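The values are calculated or read from the model by the stated rules, or taken from the named source; none is laboratory data. Keep in mind it's a predicted model, so treat the numbers as computed, not measured. Reconstructed Cβ throughout: ideal geometry from the backbone, glycine too, with neighbour counts over all protein chains shown. Accessible surface is based on the protein model in full, side chains and every heavy atom, while ligands, DNA and RNA are left aside. Shrake-Rupley method; radii C 1.70, N 1.55, O 1.52, S 1.80 Å.
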Amino acid sequence: MDKKRIMVIFGTRPEAIKMVPVIKALEKAAEFDPVVVVTAQHRQMLDQVLDAFNVSPDFDLNLMKDQQTLTSITVNVLSQMEKLLQQVRPDAVLVHGDTTTTLAASLAAFYQQIPVGHVEAGLRTWEKYDPFPEELNRQLTDSIAEWYFAPTERSRQNLLKEHHDDKQIYVTGNTAIDVLAHTIDDDWQLPAFKLVNPEAKLILLTMHRRENQGLPMKKTFAAINAFVLEHPEVEVVFPVHLSPKVQKAAHAAFDGNSRVHLIAPLNVIDFHNLAARSWLILTDSGGIQEEAPSLGKPVLVLRDTTERPEGVQAGTLKLVGNDGAAAVKWLATFLNDQAAYEQMAQAKNPYGDGHAADRIVDILRQKLS
Ligand code: UD1
Ligand code: UDP
């Protein structure tokens, strides 16, 4: 039997985490020959994921630069992928989500007339600059894609609003949920647990988005810092994204506060287990908004919009903007009102049953046989 060659392309930490289940499912399928390509738009944070799940890429474009810009990443991915696609000639390409790698790899495949499957298709805020540039990255990727693997019915509806072909849209669940089944372990130990007083209420913080860099981040960090100083019962663990702008802002705000622990990015298994032990999560991350509802952790989302309204509807996410004011107001409420906290800390998972990757591979089987 002639195996169909499926090229799976990704470049950043969140894409890697959510593509690993797809790679593993493709590896198990006799009809497919998966070819794993990393652009390495991220280097260390990508390698943490590859190591954690024992994934060895077939091709590594090794593109990350300290001073990379949206343009430089796009140009480099486009030109490198042109050569690689011509060399490998896959039967189909899979991309994930909404990064610059996602869009540039999709465009490169389109130029070679190779069909693209978009994993996590159809997420929308409908605000062109929020998040920037991700909202347009996903809309453009969906214009290029042939097959849409939409995580929820709502994302399917978003695609229909843009007049994409219903016959090409599949509601699969989000592969983020597939991953959680392999990472959470009640006995997991990690050094970050030892940093924190076991009696303290542990707040897990992450913030990295481009539109939050600068003043929003400065204000948010200042508000959190002041809140922690006023409330001895809380401690913060902040695995700081390696972006130099985020590193600088985090250290400027929190150095000297012994109850805010700035640590290096964690590998995903450590991170999920830390999240599972936390009291509450403050984040502007997309992926964490999908994981936290499954873990029963309230999330204060440090943004004005979200492309993940399912979690807001389920009651586990609350949008608190990006100036810190509403975030600390809600933190104070939850410290004083156990019932309000409990109401948000319900384990609900609107993102599928943990079998999204198997579904994606089944659909590819139908499409490519
Ligand atoms: C990118 C994605 C964003 C995603 C985020 C996940 C785009 C436009 N943005 O944003 O959608 O939410 O990844 O984290 O695609 N760096 C390192 N080592 C690493 C990773 C990053 O040093 O392993 C530093 C580099 O200096 C790099 C900078 O971080 O230049 C920014 O990385 P980049 O991928 O451009 O943007 P992110 O903010 O990470
Ligand atoms: N994550 C991780 N280590 C960390 C912080 C986050 O492994 O120190 C994981 C997290 O569980 C989620 C993903 O990284 O699966 C989210 O990535 P990020 O916040 O960088 O990007 P986004 O999802 O916002 O695009």
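Before moving on, here are some points about what is shown:
- Of the listed requirements (1) away from ligand 2 (no atom under 16 Å from the Cβ); (2) among the aliphatic types (A, V, I, L, M); (3) in contact with a strand residue (DSSP E or B) (Cβ under 9 Å, 6 or more places away or on another chain), residue 121 misses just one: (1).
- Conditions (1) out of contact with any Asp or Glu (no Cβ under 9 Å at 6 or more places or on another chain); (2) at negative phi; (3) open to solvent by 10 Å² or more (accessible area, probe 1.4 Å): number failed by residue 109: (3)
- Qualifying positions in the range 43-77 - open to solvent by 40 Å² or more (accessible area, probe 1.4 Å), within 16 Å of ligand 2 (Cβ to nearest atom) and either modelled with pLDDT under 95 or farther than 15 Å from residue 19 by Cα (or both): 43, 44, 64, 68, 70
- Taken across the range 186-195, residues that are touching a helix residue (DSSP H, G or I) at 6+ places or on another chain (Cβ under 9 Å), modelled with pLDDT of 95 or more and open to solvent by 20 Å² or more (accessible area, probe 1.4 Å) do not occur at all.
- Any hit, the range 15-28, residues being within 15 Å of ligand 1 (Cβ to nearest atom) and more than 28 Å from residue 367 (Cα to Cα): no
- Residue match in the range 146-161 (condition: surrounded by fewer than 19 Cβ atoms within 10 Å (Cβ to Cβ), hydroxyl-bearing (Ser, Thr, Tyr) and assigned to a loop (DSSP other than H, G, I, E, B)): no
- In the set (1) in a helix (DSSP H, G or I); (2) within 13 Å of ligand 1 (Cβ to nearest atom); (3) within 22 Å of residue 170 (Cα to Cα); (4) not charged (D, E, K, R), the condition left unmet by residue 95 is number (1).
- For the range 307-341, a residue qualifies if it is touching a residue at least 60 places away in the same chain (Cβ under 8 Å), open to solvent by 20 Å² or more (accessible area, probe 1.4 Å) and in contact with a Ser or Thr (Cβ under 7 Å, 6 or more places away or on another chain), and the qualifying residues are 310, 322, 323.
- Candidates 131, 90, 57 - the one that is touching a residue at least 40 places away in the same chain (Cβ under 8 Å) and either closer than 23 Å to residue 361 by Cα or hydroxyl-bearing (Ser, Thr, Tyr) (or both): 90
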